[in-house]
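To start, I am sharing the structure in question, which I have written as C-alpha cells.
Derivation of every value follows stated rules applied to the coordinates shown; laboratory data play no part. On a predicted model such as this, the values are computed, not experimentally measured, just so you know. Here the Cβ positions follow ideal geometry from the backbone for every residue, glycine too, while neighbour counts run over all protein chains shown.
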Amino acid sequence: MTAKARRATFLIASAILMLTAARPALAADADRAKAKANFVQADSDGDGRLNYREFVTFVDLNAAQGLGRAATIRRLNAYKRAFEQLDSNRDSTISQQELAAQVQRQSN
C-alpha cells in the first residue's frame, strides 16, 4: 500500500461518521438529533436501514449540515469504503445500531 493510500485509509477510518465531536454536551445532543433526522429522511423506503444509495444521501445530508466527518467522506468520495466499514453484519444495509456502534468505537 502506498503512502497516499495509507493516508486515505487513515482519513476515511477516522472520518466514518463520527457524529459526535469533542463539543459541549448540548451541541453533541443537537448533532445526534440532526443525524437521526437525516437517517430517517435518507431512509426512502422506510425500513429502518440504509442501503448504499440511501447511505450516500445520509452522508450528503450530514455533510451539508457540518455534522461529524461526513464532509470528509464526501470530499474524498469514500462512500463505498465508509459503507463497507459500517456494515458490520455484511447484509448490504446500515442500521442505526451499526452507526451507533461505530460512534461508540470512535469515542473510546
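How charged is the neighbourhood of Leu50? Take every other residue with its Cβ under 11 Å from the Cβ of Leu50, and add Lys/Arg as +1 and Asp/Glu as -1.
Details: positive: Arg49, Arg53; negative: Asp43, Asp45, Asp47, Glu54, Asp87, Glu98.
Here the charged neighbours net out to -4.
Shifting gears a bit: Determine, at each q value in 0.12, 0.23 (inverse angstroms), the log₁₀ of I(q)/I(0) that the Debye formula gives when each Cα of the stretch 25-97 is one equal point scatterer.
Summing over Cα pairs of the stretch 25-97 leads to -0.29, -1.06.
From the backbone phi of the stretch 62-67, what are the Karplus-calculated ³J(HN,Hα) couplings (6.51 cos²θ - 1.76 cosθ + 1.60, θ = phi - 60°) in whole Hz, Gly and Pro given as x?
Coupling constants for the stretch 62-67: 5, 4, 5, 9, x, 8 Hz.
Write out the trypsin sites (Lys or Arg not before Pro) in the stretch 50-108 meeting two conditions: DSSP loop, and at most 16 other Cβ atoms within 10 Å of their Cβ.
Details: sites: Arg53, Arg69, Arg74, Arg75, Lys80, Arg81, Arg90, Arg105; in loops: Arg69, Arg90.
Here the sparse-neighbourhood loop sites are Arg90.
Per the Debye formula with a single identical scatterer at each Cα and no solvent contribution, what log10 I(q)/I(0) holds for the stretch 68-108 at q = 0.15, 0.20, 0.30, 0.33 Å⁻¹?
Debye output, listed in q order: -0.36, -0.64, -1.10, -1.13.
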